[in-house]
Amino acid sequence: MAAMTQTVNNSGRHKKRTFGEWARSRDGQKVFVMVAFMIIPLVLLFVFTYLPFAEMFGFSFYNMKYTGDRKFVGLKNYIRVFQRSDCFGALKLSLYYMGGSIVQLALSLYLATVLSFKVKGGSVFKGFMFFPYLINGIAIGFIFKFFYTRGFVFDTVLQWCGFSLDNLPYWLKDQSINNISLVGTSVWRYFGQNMVLFIGAIMSVDAELYEAAMLDGAGRFQQFKYIILPSIKTIITLNVILSITGSLSAFEPPYVITDGANGTGTYFVVMHEISHTQQKVGLASAMAIILLMIIFAATILQKVFFKYVFKSAEDEDLNATAKRDKKLAKLAQRKAGR
Amino acid sequence: MNSNGSNKGFRYFVTFLKYLSLVFFSFVAVLPIISCVITAFKTDTEYQQTNVMVPPESWFNFTNFTQAFQRANMGRAFLNSTIILICVLVASVLIGTQLAYVLNRFKFPGNGLIRNLFLFATLLPGVAMQISVYEIMFKLHFINSLPGYIIMMCGTDVIAIYIYIQFFENISYSVDESAIMDGASYFTIFYRILLPLLKPAIVTSCILKGVGTYNEYYCANLYLQDKKKYPTVATSLYTFVGPLGSKYNLICAGVIISLLPALILFIFCQKQIYSGLTAGAVKG
């Protein structure tokens, strides 16, 4: 475009470039390739993300179904979301999922630390624990319906451990325990994946650091505290943040295992039911918008928090490098001494 | 304390605990799957009369597998899933690498804005978006249409784009420059020179995207409603909801069939899967 205006301005002195010539020039080619390469992804992004986002916002002010008349109702949908006990109350369930993700993070951090060092059969253990991540959601639904059925897999294993069947609850029906059962399936599915991420982060730490620490006589726990934890702080923080937004939008376990029955309907399960089964599209849109607002607010808060953490992490990094230099110096001394 | 090796007993104990925990959590991870395998080989009477953890009489009783395969129309499902997988992978590799090429190699106003638009899109949870995507799919006549589903699946892959951009950053710009000096067009540079160099990144993102597409069931269930004509492997398992819902020997066989491709891929491409995940997570 710049080339074209330039030729127009200078048309008195230079021979005016025709569009054909411009198209064959480097500038023309550049624009052409940019348009050709970006048009499809941008159209897809617009049609399947931003257009629906805008439409959803519009829908939330109407009383409507996917087909037929729609009636403008103003903010009524939003008010109803807060009034209906099945909508907003369902957000309480995300506390279970937050608890689950904390357990999951701790567990995968422990396993990653163990597996990052030499362990016999390490890759086999890693493979076993990671594989659940690759199973599709519906299959997981069936596997765990089967697993938790009265007298089936879970009950049998507990009976091996000495529990009596009469004392065991119905894992998916009993309202005091069924959400924990569901969260368990989610932990089962993702702890291996988290573990692999953490192993990747731990492996990126300089191996000399561990050697130096070992020679200094630091125990495993001290190594974990002073070397591993500081160096993978970023990825842990990131995962904590992801797990908070993830818990708010928990959907899969109840959707595929209990279908939201017996008080397991999370916010998204209720929203799915309202939009696609009852076809109250306006109400469901309002629910979606409210949750998106909460997620955005949470994300912004986390960004601020993250910045703060990063700042303090940098300060500590300075300390860490100082410590590392000390340790390396000691290491050199010892080698020289021998 | 004891870490100097003065107390051998304590160290053995710690090692023992370490392996115990590894064995325990591996057991927890595979137990649900193992119990499914056991049950899948049982005949109806065996299933009703024996405990779920008792091994089957014969490990060669494949009747449940053949029955599940037929009942759930899994031949058709595998065909559909293969078509979807190939189309989505080819399309999203082309779209993703081209976009990453432009975003990485050309400076133009709006470059940062486009990157941010793609990043922001990851914040919107998929399930919530489908409320209004459904309406758009409906208007485009994309419901019960394999091409429609494929097009929708192509448009939502930000992590791959970031893997590509990261990779482009490591390919020196002098490669492009020398080709430009030789008079090569941008298309030639991209297809003949850069795309082959990008192969490791393409393999990584294909494995991730492939697993995701093969396992996708929420949108497949929503948009490919005609389960007779358009089952995918994941949605074909819905056959077992309802009257067949308690015949777990049949269901388990279906589940095992559906996860075999993932298992085979996992056995052969473990390394790429792990590294792909790590690469995706750092940027994503």
### Given (1) among the hydrophobic types (A, V, I, L, M, F, W, C); (2) within 12 Å of another protein chain (Cβ to nearest Cβ); (3) surrounded by fewer than 11 Cβ atoms within 10 Å (Cβ to Cβ), number of the condition residue B:60 does not satisfy
(2)
### Query
Among the listed residues B:160, B:121, B:128, B:91, which satisfies the condition of being buried (at least 22 other Cβ atoms within 10 Å of the Cβ) and in contact (Cβ under 8 Å) with a residue 12 or more places away in the chain?
B:160
### Query
Is there any pair with a first residue in region B:27-53 that is more than 7 Å from every other protein chain (Cβ to nearest Cβ) and a second that is part of a helix (DSSP H, G or I) and small (Gly, Ala, Ser) whose Cβ atoms are under 8 Å apart and which are 6 or more apart or on different chains, and what are they?
B:40/B:253
### Query
If you check A:268, A:221, which single one turns out to be free of Cβ contacts under 8 Å to residues at least 40 places away in the same chain, of a type outside the set (S, T, N, Q) and buried (at least 17 other Cβ atoms within 10 Å of the Cβ)?
A:268
### Query
Where in region A:86-154 are there helices (runs of 4 or more DSSP H), lying wholly inside it, with at least 2 residues that are over 18 Å from the mean Cα position of the chain (by Cα) and more than 15 Å from residue A:189 (Cβ to Cβ)?
A:94-116, A:122-130
#### Entry: Hits in region A:28-48 - residues which are within 15 Å of residue B:188 (Cα to Cα) and either buried (at least 17 other Cβ atoms within 10 Å of the Cβ) or more than 7 Å from chain B (Cβ to nearest Cβ) (or both)
A:32, A:33, A:34, A:36, A:37
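Condition check ((1) within 20 Å of residue B:137 (Cα to Cα); (2) outside any strand (DSSP E or B); (3) free of Cβ contacts under 8 Å to residues at least 60 places away in the same chain) across all residues:
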| position | (1), (2), (3) |
| --- | --- |
| A:27 | no, yes, yes |
| A:32 | no, yes, yes |
| A:37 | no, yes, yes |
| A:41 | yes, yes, yes |
| A:48 | yes, yes, yes |
| A:52 | yes, yes, yes |
| A:55 | yes, yes, yes |
| A:68 | yes, yes, yes |
| A:80 | no, yes, no |
### Query
With B:205, B:246, B:174 as the choices, which residue is without any contact (Cβ under 8 Å) to a residue 24 or more places away in the chain and within 23 Å of residue B:96 (Cα to Cα)?
B:174
#### Entry: Total residues in region A:255-281, condition within 12 Å of chain B (Cβ to nearest Cβ) and either in contact with a His (Cβ under 8 Å, 6 or more places away or on another chain) or outside any loop (DSSP other than H, G, I, E, B) (or both)
15
### Task
Please find, within region A:226-236, the residue that is farthest from residue A:96 (Cα to Cα) out of those that are within 13 Å of chain B (Cβ to nearest Cβ) and in a helix (DSSP H, G or I).
A:234
### Message
Within region A:139-173, take every residue that is among the hydroxyl-bearing types (Ser, Thr, Tyr) and under 25 Å from residue B:259 (Cα atoms) and give me the one that is surrounded by the most Cβ atoms within 10 Å (Cβ to Cβ).
### Response
A:148
### Task
Please tell me if residue B:257 is within 21 Å of residue B:38 (Cα to Cα), surrounded by 17 or more Cβ atoms within 10 Å (Cβ to Cβ), in contact (Cβ under 8 Å) with a residue 60 or more places away in the chain and hydrophobic (A, V, I, L, M, F, W, C).
yes
### Query
Counting only residues that are free of Cβ contacts under 8 Å to residues at least 24 places away in the same chain and surrounded by fewer than 16 Cβ atoms within 10 Å (Cβ to Cβ), which one in region A:207-218 is nearest to residue A:236 (Cα to Cα)?
A:207
### Query
From A:199, A:241, which residue is away from chain B (no Cβ under 11 Å), buried (at least 17 other Cβ atoms within 10 Å of the Cβ) and touching a helix residue (DSSP H, G or I) at 6+ places or on another chain (Cβ under 8 Å)?
A:241
### Summary
Being of a type in the set (S, T, N, Q) and either in contact with a strand residue (DSSP E or B) (Cβ under 8 Å, 6 or more places away or on another chain) or surrounded by fewer than 20 Cβ atoms within 10 Å (Cβ to Cβ) (or both) narrows A:83, A:104 down to just A:83
### Task
Mind listing whichever residues of region B:131-144 are more than 8 Å from chain A (Cβ to nearest Cβ) and in contact (Cβ under 8 Å) with a residue 40 or more places away in the chain?
B:137, B:142, B:143, B:144
### Query
When region A:162-191 is examined, which residues are found to be under 20 Å from the mean Cα position of the chain (by Cα) and free of Cβ contacts under 8 Å to residues at least 40 places away in the same chain?
none
### Message
Against the definition (assigned to a helix (DSSP H, G or I), small (Gly, Ala, Ser), within 12 Å of chain B (Cβ to nearest Cβ) and farther than 26 Å from residue A:254 by Cβ), how does residue A:217 come out, yes or no?
### Response
no
### Query
From B:222, B:263, which residue is within 14 Å of the chain's Cα centre (by Cα) and surrounded by fewer than 22 Cβ atoms within 10 Å (Cβ to Cβ)?
B:263
### Query
Is it the case that region B:106-125 has a residue that's assigned to a helix (DSSP H, G or I), within 12 Å of chain A (Cβ to nearest Cβ) and more than 30 Å from residue B:176 (Cα to Cα)?
yes
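The numbers here are math on the coordinates, done by the rules we state, and not lab data. In this text, all values refer to a predicted model and were calculated from it rather than measured experimentally. Using ideal geometry, Cβ is built from the backbone for each residue, glycine included, and neighbour counts are taken over all protein chains shown.
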